[in-house]
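Visitor: Supplied in structure tokens, the structure appears directly below.
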Amino acid sequence: MINNEFEIIDMHAHLGSYALFPFRNNTPKKIAEEAKSYGIKKMCVSNLFACTYDVKEGNLLTLNGVKEVPSFFLFGGLLDPHLNEGEIETEFLNIDPEVSMWNELHPALHKYPISGNGYKIIMDLIKTNPKPVLFHTDEGDQYSQPEQIEELAKLYSEIPFIIGHSGNIIGGYEIAVGLAKKYDNIFLDSTFSRNYLGLLKWMIEKVGAEKITFGTDMPFINGATQIGKIYEAGITDNDRQKIFHDNAIKLLKIE
Amino acid sequence: MNEIFSEITFFDNNAFIGKHLNPYTAPIFNLATLIDTMKISGVSKSLLYHSASVSYDPSYGNKLLINETKDGKELSLVWVAVPEHCYTENDTELFYAEMKRNNIAAIKIFPRYHNFTLIHGAMDNLLTLLDENEIPLLVNQEEISWEEINYLLKNYKKIPFILQNVAYQMERFVVPLFSKYNNIYIDISRYHVYNGVEYLCSRFGSERLLFGSGMPVFSPEPIMMMINNVKISLREKQNISSENLLRLLHDK
């Protein structure tokens, strides 16, 4: 087992199912049990139903899942930029008191660009009670290119933005790193599924470990794999402490 | 050796040396760099080919591999083969004799990159010899169609066929192939799906999964950490991390 001395806070995980391949042992309790076995102390989750089918029902499923293991899960809220302004506001007001962060706003699955007006409506609401916003990004996808976050980061400097998957592909990582270096309120996410040798070390050299948050992306990905990349050679324990724990504590304002 | 992984020995089925396209590490990953990375991460042994065999010329790259690994003790060598190595039975016998002379442990093919298909018999002469001698054949998932895999497994039942770089989303392809054929194995360097290894072990046993790093493109630690932590027995972890590959290579 992992000889892990770090308390881990997972800022990017999910509940629910996914059409493209089967999730196994994906009940909230099983996911929590698995994550705890790796040394994860808190996990922010959203149900994929909110990304793939219906955001209101999905948020409700998330909330029900969180209640199954309330000492462990944090509620990741979703909002759908396709809805009209009134519907978005109603859903925001409905869930905001329970939300720890906005995770994972999903322009790729919602097929709506980060640069679209719907996300400005959403950010206008979030800025009234700023909490971290994690956007799914993928440089290869027209809706979720990381560079589209720049305008939002400038307009909403009070909101911390996390570039989910850090751009996801070679080329995207470079753009994400450039943005995290340029803006105090932009952070990188360690949840990339291609574990390029040296990538995380390169990111730390470019932006510092204090600008990188940790996520497992469970139940897509095996959580130990995501932890393993933080143990790659050349990454210090001080860096690990920040990525696994300290950055999340600051962003989520939790103890 | 990295103390995190001290209970298990890791034999990497998926590594290469030479130039590569990973911009986050040394642009030429030579043997010394590979061995340093193996030592730091705790990988004991590697099965590797030379990237010049893919991007430039298979025969030239295969020679480079021999020349550049003379000092490597913890290595098993892989040659890249293409149809002209086995157009005739004579070509094939010459190629096979060279393989044996150089102690080559396995063959890797790149049908898409090297512009051929298996279905029309382009590699049959060599595949017959590999089959007779139970020498592993390696192919990256993205380099071969599922029809070619079926052709291969249907016609050559003794070749240990190792499908490498299998992506984490691919269970719906892997399970039917495992159900239908006994001589297919998968490299799990990219099969880091949640509960995926546990599920395949529960259905098919642990004997058909192989640890791989994907170095120098990918990092070994994530998959090592996964194997160390999956909810299977220590015996099964040892199978996946090294024993299965040792068995397929006849302990070479």
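The values are calculated or read from the model by the stated rules, or taken from the named source; none is laboratory data. Quick caveat: nothing in here was measured; it's all calculated off a predicted structure. Neighbour counts are summed over all protein chains in view; Cβ atoms, including those assigned to glycine, are modelled from backbone coordinates with ideal geometry. Note: areas computed on protein heavy atoms with side chains; ligands, DNA, RNA excluded. Shrake-Rupley method; radii C 1.70, N 1.55, O 1.52, S 1.80 Å.
Visitor: Averaged over A:192-204, how many beta carbons belonging to a partner chain fall within 10 Å of each residue's beta carbon?
Guide: On the way: counts 0, 7, 7, 12, 10, 17, 8, 6, 3, 3, 3, 1, 0.
So the per-residue partner count for this stretch is 6.
Visitor: Mind jotting down the distance between the C-alpha centroids of region A:1-45 and region A:174-247, whole Å?
Guide: Measuring centre to centre over Cα atoms gives 17 Å.
Visitor: Pairs to check: A:Lys206/B:Lys39; A:Lys30/A:Lys229; A:Lys36/B:Lys157; A:Lys206/B:Lys70. Give those whose C-alpha atoms are more than 31 Å from each other in this structure.
Guide: Numbers: A:Lys206/B:Lys39 26 Å; A:Lys30/A:Lys229 23 Å; A:Lys36/B:Lys157 43 Å; A:Lys206/B:Lys70 37 Å.
The answer is A:Lys36/B:Lys157; A:Lys206/B:Lys70.
Visitor: Over 28 Å between C-alpha atoms is what I'm after, so list which of A:Lys154/A:Lys242; B:Lys45/B:Lys237; B:Lys45/B:Lys180; A:Lys56/A:Lys182 land there. Walk me through the numbers before you get to the answer.
Guide: Working: A:Lys154/A:Lys242 25 Å; B:Lys45/B:Lys237 16 Å; B:Lys45/B:Lys180 31 Å; A:Lys56/A:Lys182 35 Å.
Over 28 Å Cα-Cα: B:Lys45/B:Lys180; A:Lys56/A:Lys182.
Visitor: Then there is this: Quick check: net charge around A:Asp141, other residues with Cβ under 15 Å of its Cβ, Lys/Arg +1 and Asp/Glu -1?
Guide: Working: positive: A:Lys111, A:Arg194; negative: A:Glu104, A:Asp138, A:Glu139, A:Glu147.
Here the count lands on -2.
Visitor: Now a separate question. Based on alpha-carbon positions alone, could you give the equivalent ellipsoid semi-axes of region B:92-171 from the gyration tensor, as √(5λ), descending, whole Å? Spell out each step's value before the answer.
Guide: Numbers: eigenvalues 92, 38, 31 Å².
The three semi-axes for region B:92-171 are 21, 14, 12 Å.
Visitor: Which whole-number percent of Cα pairs in the protein assembly as shown have a distance greater than 44 Å?
Guide: Working: 23212 of 128271 pairs.
Distances greater than 44 Å cover 18 percent of the Cα pairs.
Visitor: Here is a follow-up. All other residues with a Cβ under 14 Å from the Cβ of B:Thr117 taken together, and with Lys, Arg as +1 and Asp, Glu as -1, what is their net charge?
Guide: -3
Visitor: Put simply, what bits of region A:145-177 lose 10 Å² or more of accessible area when the other protein chains are there, versus the chain on its own (1.4 Å probe)?
Guide: A:Ile170, A:Glu174
Visitor: Using the beta-carbon distance between B:Tyr60 and B:Val175 and R0 = 41 Å, what value does 1/(1 + (r/R0)^6) give for FRET efficiency, to the nearest 0.05?
Guide: Details: r = 39 Å, r/R0 = 0.96.
Calculated value: 0.55.
Visitor: Considering only A:Leu93, A:Leu74, A:Leu134, give the residue with the highest GNM mean-square fluctuation for chain A, with springs between Cα atoms whenever their separation is below 10 Å.
Guide: Checking each option, the largest mean-square fluctuation is seen for A:Leu93.
Visitor: Let me know the mean shielding of B:193-205 by other chains, meaning the per-residue number of their Cβ atoms within 10 Å of its Cβ.
Guide: 4
Visitor: Further question on the same structure: Beta carbons within 10 angstrom, averaged per residue: use that to sort the peptides B:121-127, B:76-82, A:206-212, highest first.
Guide: Details: B:121-127: 20.3, B:76-82: 23.6, A:206-212: 18.3.
Packing order, densest peptide first, comes out as B:76-82, B:121-127, A:206-212.
Visitor: Which percent, to the nearest 5, of DSSP beta bridges fully inside the protein assembly as shown are antiparallel? Walk me through the numbers on the way to the answer.
Guide: Working: 4 of 53 bridges.
Here the antiparallel bridges make up roughly 10 percent for the protein assembly as shown.
Visitor: Just from its helices, what would the mean residue ellipticity at 222 nm be for the protein assembly as shown, if runs of 4 or more DSSP H residues each count -39500 (n - 2.57) and the sum is divided by every residue, rounded to the nearest 500 deg cm²/dmol?
Guide: Numbers: 23 runs with 196 residues, N = 507.
That calculation yields -10500 deg cm²/dmol at 222 nm.
Visitor: Moving on to the next point. Are there any trypsin sites (Lys or Arg not before Pro) in region B:63-147 that are in a DSSP loop and have at most 16 other Cβ atoms within 10 Å? List them by number. Don't jump to the answer; show the numbers that get you there.
Guide: Values: sites: B:Lys63, B:Lys70, B:Lys73, B:Lys100, B:Arg101, B:Lys108, B:Arg112; in loops: B:Lys70, B:Lys73, B:Arg112.
Loop-located and lightly packed - B:Lys70, B:Lys73, B:Arg112.
Visitor: For region A:1-128, what does the alpha-carbon gyration tensor say about shape, rounded, prolate or oblate, given a ≥ b ≥ c as the root eigenvalues, a/c under 1.5 as rounded, and a/b over b/c as prolate? Write down the numbers at each step before the final one.
Guide: Working: a/c = 2.06, a/b = 1.75, b/c = 1.18.
Prolate, since a/c reaches 1.5 and a/b exceeds b/c.
Visitor: Among the trypsin sites (Lys or Arg not before Pro) in region B:174-239, which ones are in a DSSP loop with at most 14 other Cβ atoms within 10 Å of the Cβ? Mind listing them? Could you put the intermediate results ahead of the total?
Guide: On the way: sites: B:Lys180, B:Arg190, B:Arg203, B:Arg208, B:Lys231, B:Arg235, B:Lys237; in loops: B:Arg190, B:Arg208, B:Lys231.
Qualifying residues, ordered by number: B:Lys231.
Visitor: Rounded to the nearest percent, how much of the accessible area of region B:175-252 (1.4 Å probe, protein heavy atoms only) is carbon and sulfur? Don't skip to the answer; put the middle values down first.
Guide: Working: 1150 of 2240 Å².
The computed percentage sits at 51.
Visitor: So for the pair A:Glu68, A:Lys120, with labels modelled 7 Å out along Cα→Cβ, what separation do we get in nm?
Guide: 4.0 nm
Visitor: Work through the residues other than A:Pro22 whose Cβ is under 15 Å from its Cβ and net out their charges, Lys, Arg +1 and Asp, Glu -1.
Guide: Values: positive: A:Arg24, A:Lys30, B:Arg172, B:Arg203; negative: B:Glu171, B:Glu198.
Counting the neighbours of A:Pro22, the net charge comes to +2.
Visitor: Just counting partner chain Cβ atoms within 10 Å, what average do the residues of peptide B:209-218 show around their Cβ?
Guide: Partner-chain Cβ atoms within 10 Å, mean over residues of B:209-218: 2.
Visitor: Among the GluC sites (Glu not before Pro) in region A:1-46, which ones are in a DSSP loop with at most 16 other Cβ atoms within 10 Å of the Cβ? Mind listing them?
Guide: On the way: sites: A:Glu5, A:Glu7, A:Glu33, A:Glu34; in loops: A:Glu5, A:Glu7.
Answer in residue order: A:Glu5, A:Glu7.
Visitor: Please give, to one decimal in nm, the separation of the simple spin-label points placed at B:Asn182 and B:Arg112, each 7 Å out from Cα toward the Cβ.
Guide: For the pair B:Asn182/B:Arg112, the computed spacing is 3.1 nm.
Visitor: For A:Glu89, put the label point 7 Å out on the Cα→Cβ axis and report which residues of region A:123-153 keep their amide N under 11 Å from it.
Guide: A:125
Visitor: For A:Ala233 and B:Asn30, what is the calculated FRET efficiency with R₀ set at 22 Å and r taken between the beta-carbons, to the nearest 0.05?
Guide: Working: r = 17 Å, r/R0 = 0.77.
My answer for the efficiency is 0.80.
Visitor: Quick one: of the DSSP bridges fully inside chain B, what percent are antiparallel, nearest 5?
Guide: Working: 2 of 28 bridges.
Just about 5 percent of them are antiparallel.
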